[in-house]
1. Work out from phi, with θ = phi - 60° and the Karplus expression 6.51 cos²θ - 1.76 cosθ + 1.60, the ³J(HN,Hα) of each residue of segment 383-391, listed in order in whole Hz, and give x for Gly and Pro.
2. Counting DSSP beta bridges with both partners in segment 112-241, what percentage is antiparallel, nearest 5?
3. Once a ≥ b ≥ c are taken as the square roots of the eigenvalues of the Cα gyration tensor of segment 242-357, is the result rounded (a/c under 1.5), prolate (a/b larger than b/c) or oblate (a/b not larger than b/c)?
4. Using θ = phi - 60° and the Karplus relation 6.51 cos²θ - 1.76 cosθ + 1.60, list the HN-Hα couplings for segment 18-31 in order, rounded to whole Hz, with x at every Gly or Pro.
5. Name the residues whose placed amide hydrogens come within less than 5 Å of the amide hydrogen of Glu40, ignoring near sequence neighbours (fewer than 5 apart) on the same chain.
6. Using the crude model of +1 on Lys and Arg Cβ and -1 on Asp and Glu Cβ, and no other charge, please compute the dipole size for segment 242-357 relative to its Cα centre, in debye to 20.
7. What's log10 of I(q)/I(0) for segment 50-205 at q = 0.08, 0.14, 0.15 Å⁻¹, Debye sum over Cα points only, no solvent?
8. Under 12 Å between alpha carbons, and skipping anything fewer than 8 positions from Lys120 in its own chain: which aspartates and glutamates qualify?
Amino acid sequence: MTPENYLLKKLMLPDLKLLKVEKISNKTLHYHCVKKTKWEVCRKCPTKSYTVHDHRTVSIRDTKLQYKNVRLIIKKRRFRCPKCKSVFTESVNGIRPRHRTSEKYRNKLLFDYKNFHTTKSVASIARCSDTLVSKVINERLELELRKSRNTPWGKTVLIDEHAFKKDPITGRKSFVTSFVDNNRKCLRELAPSRFHDEMFRSIQHIPGRENVTHAVIDMTGTYKNFIESYFPNARIVVDKFHVIRLIHPAIRKYRKEVTGDRRSNPIRNLLLTNRKRLQPYQKRAVTRFCSENPNVNEVYRFKERITNFYNIKGFNQASRVLTKITDDMARSKLKEIRTLRKTLMKWRKEILRYFKTGLTNARVEGFNRKCKLIQRTSYGLRSFENYRLRALYSCS
Ligand SMILES: [Zn+2]
């Protein structure tokens with residue numbers, strides 16, 4: 001192996017022949033090369049062409065070699081086709097037409113993106129602009145995601161939403177729906193809103209919707225209707241965390257009537273924490289506070305009962321206890337409790353299904369957290385498409 005040959009093997013461009021290496025500075029090297037082949041095939045008609053029309057010199061950015069920046073200066077020939085007389089430039093394997101960077105360099109950007117996580121740091125390492133980095137990353141992620149595009153659904157699907165960005169005109173937050181495959185442990189798709197049609201459009205390319213036997217959601221009517229129409233064999237399970245959280249606004253309201261809206265008051269968190277996790281002195285404080293305020297006491301008691309309800313083992317026992325809780329709620333004088341009872345009655349079947357399957361939305365909440373980190377590290381994203389690519393890639 002000749003030294004030139006060795007160098008080009010290192011650069012992984014077997015088509016090229018090295019002519020000379022030019023030292024521009026201590027940090028930069030220019031590799032002057034030409035293509036080895038004698039002929040080229042015409043783009044329009046598949047005819048071999050040996051006639052050289054003229055030459056063009058291109059400068060291609062490549063990855064660093066032994067801590068030095070490398071640029072390939074390639075003197076490209078332009079051939080004339082004998083049949084259709086069109087003129088075309090020769091192409092080099094490993095460099096896409098009209099690109100000023102090699103494929104290896106573009107792959108390196110994606111690799112750096114995995115490790116550094118912000119576009120700016122990748123750009124400073126690779127010595128290029130932020131725009132190029134984000135453009136290349138989106139292009140590469142699209143390619144990566146195509147591999148798993150046709151994987152069918154698993155048995156369990158988890159659905160939840162999270163905030164994406166504020167609408168500049170109305171000032172309202174827009175919400176994004178995430179679909180998680182619980183069996184493959186990955187985020188399958190993001191839909192740009194909570195509306196039926198848009199959710200349908202974003203997940204209709206995924207095959208095997210009849211495989212899904214269970215779908216876990218929070219208590220939203222839209223999701224329920226969507227699952228009933230889209231997944232024919234799916235049974236709905238309501239996530240336990242959302243059931244426990246239903247009563248929190250009522251506690252907050254009655255506590256505010258006593259303490260006011262001061263956030264520094266420690267009773268605020270104590271009332272919402274599970275009683276089993278409190279220290280003895282904290283328990284005494286909560287008991288004292290509740291005994292002085294009968295409304296807070298009533299709501300607090302119901303909150304503890306719903307929390308303890310989820311410790312029950314077995315479907316029949318759980319069903320009995322839930323009936324008892326809702327019956328006691330019917331006797332309450334507080335409006336919030338009676339509203340809560342209606343919700344619990346409406347979703348009773350789905351709530352009790354938890355005790356048969358043990359499914360929760362924990363995984364999708366974890367992914368939501370990751371998605372929010374992506375939003376924060378990039379200081380907010382404007383384009384939903386780019387956000388979707390990054391979220392799907394980092395949660396797969
Ligand atoms: Zn031709």
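1. In residue order, the calculated couplings are 8, 5, 4, 5, 4, 4, 4, 5, 5 Hz.
2. 65 percent
3. Note, shape of segment 242-357 comes out prolate.
4. Whole-Hz 3J(HN,Hα) from phi for segment 18-31: 7, 9, 7, 10, 10, 8, 7, 8, 5, 9, 10, 10, 10, 9.
5. Sorted by chain and number, the residues that satisfy this are Ser49.
6. Roughly 220 debye, rounded to the nearest 20.
7. -0.43, -0.92, -0.97
8. Reachable aspartates and glutamates: Asp112, Asp130.
The values are calculated or read from the model by the stated rules, or taken from the named source; none is laboratory data. What you see is a predicted model; the values in this text were computed from it and never measured. Every residue, glycine as well, gets a Cβ built from its backbone with ideal geometry; the counts of neighbours run over all protein chains shown. In case anyone asks, the SASA skips ligands and DNA or RNA and just uses the protein heavy atoms, side chains included. Shrake-Rupley method; radii C 1.70, N 1.55, O 1.52, S 1.80 Å.
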